[in-house]
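The values are calculated or read from the model by the stated rules, or taken from the named source; none is laboratory data. Keep in mind it's a predicted model, so treat the numbers as computed, not measured. Cβ atoms come from the backbone with ideal geometry, glycine included; neighbour counts cover every protein chain shown. For the accessible areas, the whole protein counts, side chains as well, though only heavy atoms, and no ligand, DNA or RNA atoms are used. Shrake-Rupley method; radii C 1.70, N 1.55, O 1.52, S 1.80 Å.
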Amino acid sequence: MSKKTKYYVVKEKAVPEVLIKVVEAKKILEQNQGCTVQDAINQVGISRSSFYKYKEDIFPFHDDAKGKTVTFIIQMEDRPGLLSELLKIIAEYHGNILTIHQSVPINGIATLTLSVDILPDTGDAEAMVHTIEERAGVHYIKILGRE
């Protein structure tokens, strides 16, 4: 019986340095066709064994999120116009809202659950999340899942 693979979405500050360097090495290899693995790992300062151990297990969120459905949960203040502002942000990042549900506000706080299709060539999920996170009235945004 095979064990089901689990996935986690974590902020960059929680990721060990070696994994960040693996992502950097992979980026170098993608951008420089003549570059070897040895060249890339020398540039970022990791061992060859670390690169091969983790290369299939780490990737930037925004690369994988494009062309995918991402489900978010957002806790926000119940104030006029805030939901419209958030929907506008999603539209500006070319996200296509598939589902939306807002709870009845309790003590001035509402919970919003959104499923958004991030389009393959136009969406930037990472920037969209950051912009929503910085909006006044948004307490937090969490990614519940991706397909």
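Observations, loosely collected:
- Members of region 27-54 found to be surrounded by 14 or more Cβ atoms within 10 Å (Cβ to Cβ) and either among the aromatic types (F, W, Y) or within 18 Å of V10 (Cβ to Cβ) (or both), listed by number: F51, Y54
- Those residues of region 36-77 which are modelled with pLDDT of 95 or more and either charged (D, E, K, R) or in contact with a strand residue (DSSP E or B) (Cβ under 7 Å, 6 or more places away or on another chain) (or both), in sequence order: I74, Q75, M76, E77
- Taken residue by residue, region 60-75 has no member that is farther than 23 Å from Y8 by Cα and either part of a strand (DSSP E or B) or not hydrophobic (A, V, I, L, M, F, W, C) (or both).
- Spans of strands (runs of 3 or more DSSP E) in region 77-147 with at least 1 residues closer than 23 Å to V10 by Cα and open to solvent by 70 Å² or more (accessible area, probe 1.4 Å): 138-146
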